[in-house]
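Notes follow once the structure below has been shown.
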Amino acid sequence: MENKNIKVLIAARMGSSRFPGKTLSQLNGSPMIARLIDRIKKSKNYSGIVIATTKNPEDDPLQAWCEENNIECFRGSSDDVLGRLYNAAKYHNINTIIEILGDNPLVHSSLIDSCLDIFFNGEYDYVATLTKEYPKALKTLKMFPIGVRVQVMKFETLKRCEKEATLPKYREHATSYIAENPDKFKTGFLDASGKYQNCSRPELTFAVNLRKNFQLISNIDSYCSKKKENFNIEDAINAYDLHPEWWDLMGND
């Protein structure tokens, strides 16, 4: 795959109202953001990682962590996430953006590689792992759990969103303009079929929004890592299914 300045852009912050400081919370001996980056690094099809955080003082420790670990850091608006990501991509001259949320620590490198294959082979504007967050996608496609989302897009796609997506809901949820307007972009999806057929579990959520969610991910990470260091999404789902005592840790209630 030709490297066209492909970089991973991670949206992350410390100021979550429901779980303050979650980005650097210790996940089995490492900050959650470090575990995510470890998993991302198993992909070879990118040229760098940038963490896009806010200018708020509570994110100073996140910038310090980035500096200590040689990870590029960009700081922008807290509320205007779309603007933050656009300015980060522009500043770092990223042509192809792999956007991942910092509270999705179970994202696996194979999802990144598969999304990139679809993106370049189909010359798309935007490609993502399919979840319930895309209500206008084909109903026949199989969906992944929420919380393992990979999004790949051209810089020009993000630039167009920056220009056209002016409503507050689009500024807060950076790619929701694309999800709601699929006719304006050439959009493709990686769905949970083929080698991912056992990952078709749209009712599951592996995003970390609450402390109990973090405990669930910690349990899964600990259990799966003992069996396979680079465990995948199917491994995580299997671990969850095997432990009904963990089930109440999922969700935002």
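The values are calculated or read from the model by the stated rules, or taken from the named source; none is laboratory data. All figures in this text were calculated on a predicted structure; none of them were measured in a lab. Ideal geometry is used to build each Cβ from the backbone, glycine not excepted, and the neighbour counts take in all protein chains shown. Only protein heavy atoms, including side chains, enter the accessible area calculation; ligands, DNA and RNA are left aside. Shrake-Rupley method; radii C 1.70, N 1.55, O 1.52, S 1.80 Å.
Below, the figures for the structure above:
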{"quantity": "Members of the range 168-181 found to be open to solvent by less than 50 Å² (accessible area, probe 1.4 Å) and assigned to a helix (DSSP H, G or I), listed by number", "calculated": "Y170, R171, S176, Y177, I178, A179"}
{"quantity": "Residue in the range 11-20 that is open to solvent by 20 Å² or more (accessible area, probe 1.4 Å), assigned to a loop (DSSP other than H, G, I, E, B), of a type outside the set (S, T, Y) and free of Cβ contacts under 8 Å to residues at least 40 places away in the same chain present", "calculated": "yes"}
{"quantity": "Filter result for E58 (closer than 26 Å to D113 by Cα and open to solvent by 40 Å² or more (accessible area, probe 1.4 Å))", "calculated": "no"}
{"quantity": "Tabulated pairs, the range 59-82, first touching a residue at least 40 places away in the same chain (Cβ under 8 Å), second surrounded by fewer than 16 Cβ atoms within 10 Å (Cβ to Cβ), C-beta under 6 angstrom, 6+ apart or interchain", "calculated": "S78/N56; V81/E172"}
{"quantity": "Test for A128: is it closer than 26 Å to A89 by Cα and within 20 Å of the chain's Cα centre (by Cα)", "calculated": "yes"}
{"quantity": "Elements of type strands (runs of 3 or more DSSP E) contained in the range 70-161, each with 1 or more residues being polar (S, T, N, Q) and within 16 Å of V8 (Cβ to Cβ)", "calculated": "96-101, 126-129, 151-154"}
{"quantity": "Top-ranked residue in the range 189-238 [being open to solvent by 60 Å² or more (accessible area, probe 1.4 Å) and part of a loop (DSSP other than H, G, I, E, B); ranked as nearest to M32 (Cα to Cα)]", "calculated": "E229"}
{"quantity": "Test result for L158, farther than 25 Å from L24 by Cβ, buried (at least 22 other Cβ atoms within 10 Å of the Cβ) and in contact (Cβ under 8 Å) with a residue 40 or more places away in the chain", "calculated": "yes"}
{"quantity": "Leading residue by the ranking (farthest from N181 (Cα to Cα)) among those in the range 117-132 that are among the charged types (D, E, K, R) and open to solvent by 70 Å² or more (accessible area, probe 1.4 Å)", "calculated": "D117"}
{"quantity": "Which numbered condition A64 misses (of (1) surrounded by 20 or more Cβ atoms within 10 Å (Cβ to Cβ); (2) in a helix (DSSP H, G or I))", "calculated": "(1)"}
{"quantity": "Selection within the range 82-106 - open to solvent by less than 30 Å² (accessible area, probe 1.4 Å) and of a type in the set (A, V, I, L, M, F, W, C)", "calculated": "L82, L85, A88, A89, I94, I97, I98, I100, L106"}
{"quantity": "One residue from S77, S109, S114 being open to solvent by 40 Å² or more (accessible area, probe 1.4 Å) and hydroxyl-bearing (S, T, Y)", "calculated": "S77"}
{"quantity": "Scope the range 24-38; condition touching a Ser or Thr at 6+ places or on another chain (Cβ under 8 Å) and open to solvent by less than 10 Å² (accessible area, probe 1.4 Å); matching residues", "calculated": "L27, M32, I33"}
